[in-house]
Each structure stands twice: as C-alpha cells, then as structure tokens.
Amino acid sequence: MSTHKRHLTRRRVLGASAIGVAATGAAVAGGAGLLSSASAAAFGYSDDGRNYVVDTGASLVFKVSKTTGDLTSLAYKGKEYEGYGGKHSHVESGLGASTVTIRQTGSTILIKVVHGAITQWYAARSGQNNVYLWTHKADASFTATRFIVRLKPGMFPNEGPDSWIEASDKVIEAGDVWRRADGTTHSKHYSGKRVIDYDHIGFTTGSVGLWIVRSNHEKASGGPFYRSLLRHSNDLGAGLYEILHYNQAQTEPERFGLQGPYVLAFTDGGAPSSSLSHDKLDTSWVDGLGITGWVGRAGRGKVAGVGLKGMDAKYAYTVGFANADAQYWAKAAAGTGAFSCKGMLPGTYTLTVHKGELAVHTQSVKVTAGGTTALNSITLTGDPSTARTLWRLGDWDGTPGEFKNATLMTYAHPSDARAAKWTGNVTIGSGDAAKSFPAYLWKDVNDGVLVYFRLTKEQAAAAHTLRVGVTDAFANGRPRVTVNDWVSPVPAAPSQPSTRSLTTGSYRGNNHTFTFNVPATAWKTDASQYNVLKLNIVSGSSGTAYLSPGTSFDCIDLLA
C-alpha cells in the first residue's frame, strides 16, 4: 500500500531498529580511481524475476528490487555486503510498492523508482565500481530525506564513537545513546563532523573500502555547519547515510527538488577517488538522462569575491549562500578572504560571511545561468569581538569551542566518563578562565554557575552592558543573570530547534546574543571585593538531567 500521502514520524522514517550511525572514515592513502582495471565486457543488466541485476563491468554487481526500489544486493569481487536485520538499503526507511523501470543509454544504466512524492534514481557507469544516486522529493509527505546503505555485520571493523555493542552496551537515552562498561558513550549521532568537514564517509578493512561520497547538499537544509548522522556500526550490522533533510537540530525550512548525485563507491581499501567529490565530479554524462529536476553546468552560475576586509587571522571564514530553493558555501582564503562558489542555480541569495560559525556580514547577491557575479572587497563590520570590554569569557565565533567539554560534546554524551565535571565556578583573571566555564548549562545539572570578577572604582561608577551569546538551546532554556543583588528580567526565548541537540553531538542552532543592562547600583563599590555574576536557566518547560532545559554558550563579556 502506498504511504506517501501520510506524514511519517521521525522515529518511523529514520528506522527505530536502525542500528546506529558513525563518523567519517579516515582517508586512506592510495585511493582507487574511477575506472577499474577489470574488463568492461560484462557491462549490462538482467532480470532475475524479483530484481534488476546490474553488472558494472568492473568488480561490482548490484541488484534493485523491481517492486520496492530497494537496493537488495552489493556484491564486490563476488562477496555480498548488503543488508542486515532483514532490511535492505533504500531511501527513507523504504518506499514500499513502487514503479521501477530500467534502461541503458550507451555506457550508462539508469534505474528509476517512483513512489508518490519521491523519485529515486540509481546509475551505473561501464567499468566503474560505483553506484550514482539521486533523490527527488516534491513535498513534505515524508518527514525526512535520507538514503541508508545497510551492511552485513562483521564486514568492517566495529570501532569509533558512532559504534556500539548491542550485546553488552546499555541504552541511556531515547533508545539511541549507549554507555559502555568503561563509562564511554556511543551513538549514531556522534560523528563529530560538520557537513563542511567531509566529502566522503565510510568503512575500510585496509583491503576493501565502501564509501558514500556526499552530494553538494544544495537542496538540503542547515548550512555548512550542520551536523547529522553519517554512519553507524555494531555487532548486528552497519550503515552509511546520505542525510538530505533530518528533522533534528534544523534551523531552516526544508527544501524540495533534486538532490545528487551522491556516490556509493567500492575501493581496494583506500579513500574514494577525489574525482568523485561533488566539486570535481564530471556530470556531463547526466545531462541527457532525463532525470527530473536535473540542471547541468550550462544552467548554473558562479559568484567570485575579491576578498574580505577586517578578518581576524585566528579564524577561518566561510561565505554561505542561501534562499528558499538552494544553499551553497565556499571557504575564504586565509589572508585575503578571496572566495569563489561555482555550480549555483540561478536566483537571488542571501550571502552570509561567517567568522568561525558566527555571521558577521550579510548582503544580497544575484546568480545568473552561465554567468559570474563578481563582488568587490567586503568590509566586515558585524564582529562583536571588536567591542571594548572589561572582561571576556571565550570569544565570539559562533561555537562553545573555548569552554569546558566543548570538543568532547561533538562525539559523546554529556554524562560520558571523559567529561570534566559540569559544575564549578569561575574567577576572571585566574589563568584561562574560559576553560573552567561549562560549554553547556542545564537547569537540572549545573544551574547557577558563578563568575567572580573585580571592577575598579571608576568602572563600578557606571552602568555596563553584559552580553551572553548562545549557539543553541533545548526546551526553551535561556540564561537569566543575577549580579550581586541585582536580578535581570526574564529574557524572551529566541527561536531554536525543538529537538534534542545538546545530547546528540551538536551545539548548532541559531546564534543569539542576550544583552543585560546592568545599572551602576549593582556593582560592589570596594574595588578589592569580587562582584558575583550568577547564571540560571529559565524555561516554561521541564525535564530532568541532561534533557532538562539548557543552552550552549558562544561568549560572555562585560562591555566597557
């Protein structure tokens, strides 16, 4: 029965029984190229009654179900890799009854799978150990967009923060976070990678590698710093993901249309060829295949910027482009800030310059098909770090990176045995105070952290603005401050993702700055005495432990 007209829950779509996620496979030296040395004489397809069987003419033979469009077999050098738990590989959690067709055009075999709002394509190229995939989604009748490659247990090493052992590890949160006997935590969420950080994800034994080379994510949502599922493994099987929309930690509306190609690639143990990367892949052969929504190189444009003025040399800068239909980004060159972004769909975009992950400039830019939009140097005027301060904890970069436990939280649960205690107070001027300040604050865990600082007599004679920057929040958690005997009003809750983030490897939400105007009467008049800043989490919601209302910090400072 067709299910495309009913909204599926996130748990259903992402597969309640799917066993994990995992992190990017490290690039291994000696990656295989596009073409196999094997003869392409066997290239072609057949029908075994239940599946279309595609022989790539190299070392890979794969099968696609004629009734569901599932990828039901991946046999590399005669060895089967596909499937676990009675499930196969597919878009979403499987489409069910679908219309599946196949045709060969020269050196390309294309399989088309249609089920309501989703159309999935598989392509093989003669002599290549690759499967090229596209997903076209027309509306929100499915709540997520992903392709999962399910792999038999024991085919690859079961290791990494995104791996676990179902036979012995214990579930500690929501059925998808596990604790080992040594106190370390593991989950499919703990990739530790942002989209901008990887081109491929996978597994290797050293002699066989299986990878997904991601698409350019132009129709995905969340931008360059979004974190999501990449892979997982355990004693019951393993999986690789291409996540195109996932209703967790989302900061943008979903985009619809064609995603791809993303590439499933087998190698002899090395990383996939760099020529498969989305920014290098030759897709001229796709132009005549009739894939719905496909726009070739001739229908795309480019933006090139001379540079950025006012950069902080300590940080990397990224230039993002986004509108309702597409998103792109480019890394700015160190020193000059020059950038170039090619392969963009025509349209008007909001250009955003990020210092680290913090937006410090926005403007509009128009892209035309076949053209290059040239931009003069952009002067950055929106960096809050340029303001004069009496003291500062951390820095304004859109991340909690300078604070306690920040790095660990991208690949572990806050309760992990490796985490430093979340409690403890901070004294300004005593070494690197930021390292003592918690990256996250929860109402039920470490509420009421204290920051001690002194002011001179002249400084205490005036009112000052206290800024508290956050990167994300759970359950509308937000900071309310007390300075000595002065208590701030309760601030309004900014817009943030409604799903778990702080316990699933991501601090990425909507950067927001709370400003508190502290009157002169709040300060200690004796310069030898410490002023005490207290931060409490307030929320209209409730919860316990690490699922109580909370927030993640970017920076805290007191303006001069």
Qualifying positions in the range 436-483 - among the basic types (Lys, Arg) and under 21 Å from Ser528 (Cβ atoms): Arg454, Lys457
Do the conditions hold for Ala359, that is, is it within 15 Å of Pro438 (Cα to Cα), of a type in the set (A, V, I, L, M) and surrounded by fewer than 20 Cβ atoms within 10 Å (Cβ to Cβ)? no
If you scan the range 425-442, which residues turn out to be in contact (Cβ under 8 Å) with a residue 12 or more places away in the chain and either among the aromatic types (Phe, Trp, Tyr) or out of contact with any Gly (no Cβ under 7 Å at 6 or more places or on another chain) (or both)? Asn425, Val426, Thr427, Ile428, Gly429, Ala433, Lys435, Phe437, Pro438, Ala439, Tyr440, Trp442
Could you please find all residues in the range 223-248 being at pLDDT 95 or above, small (Gly, Ala, Ser) and at negative phi? Ser233, Ala238, Gly239
Looking only at the range 493-530, count every residue that is within 26 Å of Trp391 (Cβ to Cβ), free of Cβ contacts under 8 Å to residues at least 40 places away in the same chain and in a loop (DSSP other than H, G, I, E, B) and tell me the total. 2
In the range 66-93, anything of a type in the set (Ser, Thr, Tyr) and within 12 Å of Asn51 (Cα to Cα) is listed as Thr67, Thr68, Thr72, Ser73
Test for Leu289: is it under 18 Å from Tyr262 (Cα atoms) and under 23 Å from the mean Cα position of the chain (by Cα): no
Close pairs (9 angstrom Cβ cut-off, 6 or more residues apart or separate chains): over 27 Å from Ser141 (Cβ atoms) in the range 101-118, of a type in the set (Phe, Trp, Tyr) and assigned to a strand (DSSP E or B) anywhere: Gln104/Tyr45; Thr108/Tyr132; Ile109/Tyr45; Ile109/Tyr52; Ile109/Tyr122
Out of everything in the range 479-527 that is under 17 Å from Tyr226 (Cβ atoms) and charged (D, E, K, R), what residue ends up being modelled with the lowest pLDDT? Arg500
Do we find a residue being of a type in the set (S, T, N, Q), in a strand (DSSP E or B), touching a helix residue (DSSP H, G or I) at 6+ places or on another chain (Cβ under 8 Å) and modelled with pLDDT of 95 or more anywhere in the range 113-129? no
Being modelled with pLDDT of 95 or more, within 26 Å of Arg180 (Cβ to Cβ), loosely packed, with under 15 Cβ neighbours inside 10 Å and among the charged types (D, E, K, R) narrows it down to one residue among Arg388, Arg418; which is it? Arg418
Name the strands (runs of 3 or more DSSP E) wholly inside the range 150-238 in which the number of residues that are farther than 26 Å from Gly94 by Cβ is 2 or more. 170-173
When residues of the range 135-149 are limited to those that are part of a loop (DSSP other than H, G, I, E, B) and hydroxyl-bearing (Ser, Thr, Tyr), the one surrounded by the fewest Cβ atoms within 10 Å (Cβ to Cβ): Ser141
Determine if the range 260-271 includes at least one residue that is touching a residue at least 40 places away in the same chain (Cβ under 8 Å), surrounded by fewer than 19 Cβ atoms within 10 Å (Cβ to Cβ) and in contact with a Ser or Thr (Cβ under 6 Å, 6 or more places away or on another chain). yes
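Evaluate the following for Trp134: is it in contact with a Pro (Cβ under 6 Å, 6 or more places away or on another chain) and touching a residue at least 40 places away in the same chain (Cβ under 8 Å)?
yes
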Does Thr471 satisfy the condition of being at pLDDT 95 or above and assigned to a loop (DSSP other than H, G, I, E, B)? no
Those residues of the range 57-73 which are more than 13 Å from Ile148 (Cα to Cα), aliphatic (A, V, I, L, M), in contact (Cβ under 8 Å) with a residue 24 or more places away in the chain and outside any loop (DSSP other than H, G, I, E, B), in sequence order: Leu60, Val64
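The values are calculated or read from the model by the stated rules, or taken from the named source; none is laboratory data. Please read all numbers here as calculations on a predicted model, not as lab measurements. All Cβ positions, glycine included, derive from the backbone under ideal geometry; neighbour counts span all protein chains shown.
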